[in-house]
Structure formats: structure tokens, C-alpha cells
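**Q** I have a structure here, written as C-alpha cells, and I will follow up with some questions on it.
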Amino acid sequence: MKPRRPDGPIDIERDILPYLALDDAGCLIWPYAVTTEGRGLVSTLPRGKTLKVHRLVFEHFNGPVPPGLQVNHTCGRGHLACVDPRHLYAGTQKQNMEDAKRHGVRLGRPPKN
């Protein structure tokens, strides 16, 4: 069942967590709307504000992202819509680029085989 578009603030327990799917790599994946880079998206009504699911999940479990930081993935699968709270951390853009290099991810695309 596809999630309904939230009318007002998103409730993570109601609007996000029940719809996550576990993939073969052990990541919890947002199986619906994604950005062109593969990051999960959810929209709200009535204004249709679009939010990144991995950031919402991070903030639900950890609180606000500190100023100057972003939400990064330890698994290297953010481009595949991983939103697993065990794989998310607040870090710098430099750390994100180092993670991408370590995982063989280029410009939000999967590793070359």
C-alpha cells in the first residue's frame, strides 16, 4: 500500500517507517518518490513541500542536524534511497565525499563494475 500524502506535519511513525523495505544489503529503503540522485522524497499537503526522507529519519532518531553539517550515509547507498537510521550520521560535505570514494560511488551513481 502506497503511503498517503501527509496533510500537515509528517509523522515519521505513521507516514514513513511502515513503508520502508529491507534490501539485500541490509539497508532500509524508501520505495517511493526519489530525487534524480536517488534520495527518497516525501511531499506534504496543502502546499506540497518536498522533504528528504533520510533527513527526516535522522532527525526523528537523533534530533536536529547541527548547523554546518548534513546527513551522510555510512553504507554508501544513499543514492539507492537508503534511509536506515543505523546508517545515517551528521557530517561534513568533505566526509561525504570521502565516504563516496571509499564506497566507489560517483556523483550519486552506483559503483562501476
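Since every read-out is calculated from the coordinates, none of them should be taken as a lab result. These figures come from a predicted structure and were not determined experimentally. Because the Cβ atoms are built from the backbone with ideal geometry, glycine has one as well, and the counts that use them run over all protein chains shown.
**Q** Round to the nearest 10 and give me the degree value, 0 to 90, for the angle of helix 53-62's Cα axis relative to the longest principal axis of the chain.
**A** Taking the Cα atoms of the chain, the angle to 53-62 is about 90 degrees.
**Q** Just to be sure I follow the definition: excluding the sites themselves, where is the longest run in the chain that has none of the trypsin sites (Lys or Arg not before Pro) in a DSSP loop with at most 14 other Cβ atoms within 10 Å?
**A** The longest such stretch corresponds to 50-111.
**Q** Around A81, which amide H atoms from residues at least 5 apart in sequence, or from another chain, sit under 5 Å from its own amide H, with H modelled in the peptide plane?
**A** Those lying under 5 Å, H to H, from A81 are G40.
**Q** On a 0 to 90° scale, report how tilted helix 93-103 is relative to the longest principal axis of the chain, with both axes built from alpha carbons and the result rounded to the nearest 10.
**A** Tilt relative to the chain: about 70 degrees.
**Q** Next up: Can you give me the relative contact order of the chain as a percent, contacts being Cα pairs under 8 Å and 6 or more apart?
**A** 23
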